[in-house]
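Working notes, beginning with the structure itself.
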Amino acid sequence: SNWTKIPPPLFKKVVIVLIDALRDDFVFGSKGKQFMPYTTQVVEKGTSYSFIAEAKPPTVTMPRIKALMTGSIPGFIDVIVNLNSPALLDDNLIWQAKTAGKRIIFYGDDTWVKLFPKHFVEYDGTTSFFVSDFTEVDDNVTRHLDRVLKREDWDLLILHYLGLDHIGHVTGPNSPLVGPKLREMDNILKKIHISLLSKEEASLPNLLVVCGDHGMSETGSHGGSSEGEVHTPLLFISSAFEKRSGPLTQPELVQQTDLASTLAVGLGLPISRNSVGNLILPVVGGKTMREQLRFVHLNGFQLSRLLQENTPAYEKDPGYEHFKIAEKSHGNWIKLYLEGNNSEILLNLGKKVLKQYLEALKTLSSSLSKQVAQYDMYSMMVGTVIIMEVLLLLLLSVPKALSSQAEFEVPLSPPLFSLLFYLMCLMLCAVHVIVCTSAESLCYFCSMSWLTAVGVMMLISALMCGILSAIAKIFESSRLRLKNPVVSSSSWSEIDVLILAGTIGHVLSLGASSFIEEEHQTWYFLINTLCLVLCQELCRNNFLLKECDPQHSTTVKQNFDVIREASECKNIDIPAAGNSKLGKATSSAEFIKGSDKWISLASPWIILICCRLLRSLNQTGVQWAHRPDFGHWLTSSEHKSELSFLAAVCLLMIFFLVQRRCSLASKIAMALGLLGIYSYRASIGNVIFPWQRDSKDISK
């Protein structure tokens, strides 16, 4: 009779401790046993349930907070808005809790404050941009703990710690700084757990949730889909659960979106409207069979309603069919239950219905997750084509726009009255009709009026015809240049071709993630090739050109005479100094004498040697980051004096090279600035002062 009402809460107070970039092996692996002894003891022998929560890419903070609180899967656009998070308007756990009169306190990453403005009765946000801050960013959260845990005027406490993420970004997951930070987190969890246990009442227990928003890769970064980045620990700790016994098993894999549904049930709140998560059953496993069935039915009802809103043919979906079968079995079970049947048969039937519900939830969640991941490809392609056409037209206009006339005429009238324009319009309209009549999912471009769609097709056709006309004009003018030797005074050299080919090759290489990770290898290859080609060009100009000089000077003279005649026809006066200019032109073709020649010949080889030294500084990239190189050798604690000496020499060289052109005030300002750079590096422990014995000697 009361199935439409929200069930009462299962927990009185809930504390969520979110540790940024907490990988699953930091808790369940060797690091957890070594640095998090209390948490490991609770996981292995305490009243807790442990899971590995799988986060969907992009694994950056803001989309992950959205996933945890709404139960929905954020898109890749959230990577961009991650930098300046707007308020979250989707139905979410925080909004539901506030609406239900729950008092929420938050301390930690200020992304939460931006996402949920005016939702917290008390908050203190910390910024995540000072990535070299490993200590204060967490101390600013912990300093409130003792005071808040003594109070009774809150229902939900959220703590978001950033220190571990900062350590990962700067020094990686295998850094010696990770261990002490995990130990600090373990002590905080111990303090919270003991406090919650001491304040528990007989009626309702408290709940401590420990989770990570994302993990970190072997280099300490995140955002991708490697196992280290997507697998995070998820712990539920409460006296309501049974004490663990027997051998420790591998934690079960759940989805990160499942937390929103589970916490909604735990706090007695409605499940968020757009949530695709499943209820994590062990958390409510201590309740009666009727209550468990009621919880999974509420979750199934919410998922099936979401499917109805997003899928026209929802009745044919296997998840929906399974849910309806489970719902029917649930009805039969309720009849038997109300008749007062308490036999073993009723319990077994209840377990069977529960299994049916869980299968239906899994299928529904999977079906909805796939829909969320689908993108409106047709609309995106139309938009991309228009952008690419405009870009190409701009690129074609750049040379003329930067010329002395500074003008570029887009030939519009010939294309608009050409046969090609009408044929393209017809063809694109036909494609539009075929796509929109055969598309199964909703499409933004197809939902537009036909008049608007035809207008877009005409725009695409007009732009394409304009581009073809502009290209035809360029080819026509280049053909005229070839016929007229005066106009075609310069041609493409081998270096020009190499630079163009290298640029195009580098751009194409960015289509593969492995090439992006090892981008430095592409640059090493291109720079070495360019240096060798420059060397060959210099050798040819300095040694081989001498033999060709008479012919070369004759050609230059002929060209100069032609220009002179053309100028006379146009009544342009060229003074007698023209002969001296001709002399300069012929003399520049001769090979350079003296030291300048040898400096120019040696410069590519000097550049190659410098490049080789730079390669050995950081040659390991992403895939071989664990292998040693000169950079690792310098940054290790044993070689701090060598790094300090190098840094000091480089800063002095910068000063002496730049100060010659500076005023006295600029020299003093620059000297203080460079000294400030060294002092900052010394204060964070990267380098040392000559008189400094220990890193503790210096004050920040």
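The values are calculated or read from the model by the stated rules, or taken from the named source; none is laboratory data. From a predicted model like this one, the values you see are computed outputs, not experimental measurements. A quick note on method: Cβ atoms are made from the backbone with ideal geometry, for glycine too, and the neighbour counts reach across all protein chains shown. The area values use the complete protein model at the heavy-atom level, side chains included, leaving out ligands, DNA and RNA. Shrake-Rupley method; radii C 1.70, N 1.55, O 1.52, S 1.80 Å.
Values computed for the structure shown
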quantity: Amide hydrogen neighbours beyond the local backbone of Leu88, cut-off 5 Å, H modeled; calculated: Phe116
quantity: Semi-axis lengths (Å, descending) of the ellipsoid that matches the C-alpha gyration tensor of region 637-693; calculated: 25, 12, 7
quantity: Cβ crowding within 10 Å averaged over residues, with 91-101, 227-237 ranked highest first; calculated: 227-237, 91-101
quantity: Karplus-derived HN-Hα couplings along region 335-341 (A = 6.51, B = -1.76, C = 1.60, θ = phi - 60°), whole Hz, x at Gly and Pro; calculated: 4, 5, 5, 5, 6, x, 7
quantity: Formal net charge of residues neighbouring Trp95 (Cβ-Cβ distance under 15 Å; K, R +1; D, E -1); calculated: +4
quantity: Burial ranking of peptide ranges 10-16, 220-226 (average Cβ count within 10 Å, highest at the top); calculated: 10-16, 220-226
quantity: Phi to ³J(HN,Hα) by Karplus 6.51 cos²θ - 1.76 cosθ + 1.60 over region 630-639, Hz, x for Gly, Pro; calculated: 4, x, 4, 4, 5, 7, 6, 4, 6, 10
quantity: Where region 287-374 is the region considered: accessible area per residue in Å², 1.4 Å probe; calculated: 57 Å²
quantity: Listed peptides 172-182, 238-248, 419-429 by packing density, highest first (mean Cβ within 10 Å); calculated: 172-182, 419-429, 238-248
quantity: Phi-based couplings in Hz for region 463-471 (Karplus 6.51, -1.76, 1.60; Gly and Pro marked x); calculated: 4, 5, 5, x, 5, 5, 5, 5, 5
quantity: Long pairs among Lys13/Lys66; Lys98/Lys324; Lys190/Lys362; Lys31/Lys352; Lys102/Lys370; Lys56/Lys114, criterion Cα-Cα beyond 29 Å; calculated: Lys98/Lys324; Lys190/Lys362; Lys31/Lys352; Lys102/Lys370
